[in-house]
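Participant: Here it is, the structure in full.
FYI, it's all coordinate maths here, none of it is from the lab. Everything quoted here is computed from the prediction, not taken from an experiment. Every residue, glycine among them, receives a Cβ derived from its backbone with ideal geometry; neighbour counts consider all protein chains shown.
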């Protein structure tokens, strides 16, 4: 996310959390996020300056009415009116982070060399709960085979890197060699 997107997204995310139905806010945000990530056509339509505000509103109503709270749909209508609907993805991502924080849920971004088993995932969640003293941990898992082995976890500004790739970099730095 670019710094401009963050600057635009933060005030709208704060405003959304103030008006949103507190019991459904995380579900609504996850629903919108899933729809945006699954449909490139939706992303293109709401970002296209040639598509009218009215057409964008119709698209949003047809997709989200009945699936998310009415206040959430109204909020997206306001974004259309203000010409900010193109930032919906950034606003939703920012609002999700803030909503998780309000609910004492920590987001952990995990990149591993192989897909983690459910037992490994559960053990990692328990360890992260202990480390962060959070009530809940929400994992976002990603596989990157270039890591060779191990995993990398990012929680907020803290990064835990146990990858073989990182260990090789540290070793080469220690030995004064360069890693290819």
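Participant: Among bridges DSSP assigns within the chain, what percent are antiparallel (round to 5)?
Facilitator: Around 45 percent antiparallel, to the nearest 5.
Participant: Now, a different point. Can you tell me the order of 139-148, 123-132, 67-76 when each peptide is scored by its average per-residue count of other Cβ atoms within 10 angstrom, highest first?
Facilitator: Answer by packing, highest mean first, reads 67-76, 123-132, 139-148.
Participant: While we're here: With the alpha-carbon atoms as the only input, what is the per residue convex hull volume for the stretch 104-175 in Å³?
Facilitator: Taking the convex hull of the Cα positions in the stretch 104-175, it is 89 Å³ per residue.
Participant: Additional query: Would you mind classifying the stretch 1-85 by shape? Square roots of the alpha carbon gyration tensor eigenvalues, ordered a ≥ b ≥ c; an a/c under 1.5 is rounded, otherwise it is prolate if a/b is larger than b/c and oblate if not.
Facilitator: rounded
Participant: Still on this structure, I have one more. Based on DSSP H runs of at least 4 residues, each adding -39500 (n - 2.57), what is the mean residue ellipticity at 222 nm of the chain after dividing by all its residues, to the nearest 500 deg cm²/dmol?
Facilitator: Helix-only estimate at 222 nm: -18500 deg cm²/dmol.
Participant: Once the Cβ-Cβ distance between residue 141 and residue 164 is put in as r, and R0 is 22 Å, what FRET efficiency do you end up with, to the nearest 0.05?
Facilitator: Computed FRET efficiency for residue 141 and residue 164: 0.75.
Participant: Please give the helix 164-175 orientation as an angle from the longest Cα principal axis of the chain, in degrees from 0 to 90, rounded to the nearest 10.
Facilitator: 50
Participant: Taking Cα pairs under 8 Å and at least six residues apart, what relative contact order does the chain come out at, in percent?
Facilitator: It comes to 21 percent, rounded to a whole number.
Participant: Let me ask you something else. Work out how far the C-alpha atoms of the stretch 40-95 reach from end to end along every principal axis, then list the three figures in whole Å, largest first.
Facilitator: 28, 24, 22
Participant: Modelled label-to-label distance, residue 52 and residue 114, 7 Å Cα→beta-carbon offset: nm?
Facilitator: Between residue 52 and residue 114, the simple spin-label model gives 5.7 nm.
Participant: Turning to a different aspect of this structure: Return the equivalent ellipsoid semi-axes of the chain as a descending list in whole Å, where each equals the square root of 5 times an eigenvalue of the C-alpha gyration tensor.
Facilitator: 37, 20, 15
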